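Visitor: This is the structure I have questions about; it appears just below.
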Amino acid sequence: MPRPLLAALILLNSLLTPLTAGALQPAPDADPRITSAGLIEYAFTPGDAADELIIKAIRNARRQILVQAFSFTHRRIANALIAAKRRGVDVQILADAGQVDKIRTSVIKDLAAAGLPVFLDSAHDSAHDKVMVIDAGGSETCLITGSYNFTHAAQFKNAENVLVIHGRAVLSDAYRDNWKRHRNHARFYRPASDKVR
């Protein structure tokens, strides 16, 4: 079976499988099942250029990029987000609070220093999402998810996967709404000598 078809079938199966008992439930009125069709790109690391897929999607953003990151050390991905902000895209970062100071090479401080709003999520043992929601609310939307942290290690050292899902507005909207739920309990981050308020 060709890899793109296999990846699409795996994603479709995961989207249609009901949540198991005891799992974190979505909003009460949400249906966690979505019929999926459309373009899905994927990459496996090490080996595939997952970072290039992500950077390409960022460069194509027109209105908004909402990021959820656990660890974030990949400078080229960070630079692509900064460039998107400079061309007028609303870019907001939601990051795991414990990783910012724990990882010496974290680019979260650089993103905040470049004027991107950064929010730190400390309401969980780990804010372990690896997500970018691009231009939610329309047919040109793009959703990036998978095991891939936005890190150098994820690209060059670890065995990771990335899915870039185009044009699935219902799915992107669900991820956007989840981003907002976590943003509601996160704290705004100020870089350098400023403190988290």
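Visitor: As an exercise: evaluate Ala112 against (1) among the small types (Gly, Ala, Ser); (2) at pLDDT below 90; (3) buried (at least 21 other Cβ atoms within 10 Å of the Cβ); (4) within 15 Å of Pro191 (Cβ to Cβ) and give the number of the one condition it does not meet.
Guide: The failed condition is (2).
Visitor: Shifting gears a bit: Could you go through region 139-147 and let me know if any residue there is modelled with pLDDT under 90, buried (at least 18 other Cβ atoms within 10 Å of the Cβ), in contact with a helix residue (DSSP H, G or I) (Cβ under 7 Å, 6 or more places away or on another chain) and assigned to a strand (DSSP E or B).
Guide: Within region 139-147, not a single residue is modelled with pLDDT under 90, buried (at least 18 other Cβ atoms within 10 Å of the Cβ), in contact with a helix residue (DSSP H, G or I) (Cβ under 7 Å, 6 or more places away or on another chain) and assigned to a strand (DSSP E or B).
Visitor: Need the failing condition index for Ala7 against (1) under 18 Å from Cys142 (Cα atoms); (2) part of a helix (DSSP H, G or I); (3) modelled with pLDDT of 95 or more, just the number.
Guide: (3)
Visitor: Take Phe119 and tell me if it is over 21 Å from Val162 (Cα atoms) and in contact (Cβ under 8 Å) with a residue 24 or more places away in the chain.
Guide: yes
Visitor: State all residues of region 63-98 that are in a loop (DSSP other than H, G, I, E, B) and in contact with a helix residue (DSSP H, G or I) (Cβ under 7 Å, 6 or more places away or on another chain); if no residue qualifies, say none.
Guide: If the condition is that a residue be in a loop (DSSP other than H, G, I, E, B) and in contact with a helix residue (DSSP H, G or I) (Cβ under 7 Å, 6 or more places away or on another chain), then Phe70, Ser71, Thr73, His74 are the ones that fit.
Visitor: Quick one: in region 38-47, of everything that is touching a residue at least 60 places away in the same chain (Cβ under 8 Å) and out of contact with any Leu (no Cβ under 7 Å at 6 or more places or on another chain), which residue is surrounded by the most Cβ atoms within 10 Å (Cβ to Cβ)?
Guide: Thr45
Visitor: Check Pro117 against each of (1) of a type outside the set (Phe, Trp, Tyr); (2) crowded, with 16+ Cβ neighbours inside 10 Å; (3) within 18 Å of Phe150 (Cα to Cα); (4) modelled with pLDDT of 90 or more and name the one condition it does not meet.
Guide: Answer for Pro117: the failing condition is (2).
Visitor: Further question on the same structure: Do the conditions hold for Ser122, that is, is it modelled with pLDDT under 95, farther than 21 Å from Ile40 by Cβ, among the polar types (S, T, N, Q) and in contact with a helix residue (DSSP H, G or I) (Cβ under 7 Å, 6 or more places away or on another chain)?
Guide: Judged against the criteria, Ser122 is a match.
Visitor: So, in region 148-166, how many residues would count as being assigned to a strand (DSSP E or B), modelled with pLDDT of 90 or more and within 12 Å of Ala50 (Cβ to Cβ)?
Guide: 4
Visitor: Separate question: Restricting to region 99-123, name every residue that is among the hydrophobic types (A, V, I, L, M, F, W, C) and part of a helix (DSSP H, G or I).
Guide: Scanning region 99-123 gives Val100, Ile108, Leu111, Ala112, Ala113.
Visitor: Within region 25-54, restricting attention to residues that are at pLDDT 70 or above and in a loop (DSSP other than H, G, I, E, B), which residue is farthest from Ile77 (Cα to Cα)?
Guide: Here the residue is Gly38.
The values are calculated or read from the model by the stated rules, or taken from the named source; none is laboratory data. These numbers were taken from a predicted model, which means no experiment stands behind them. All Cβ positions, glycine included, derive from the backbone under ideal geometry; neighbour counts span all protein chains shown.
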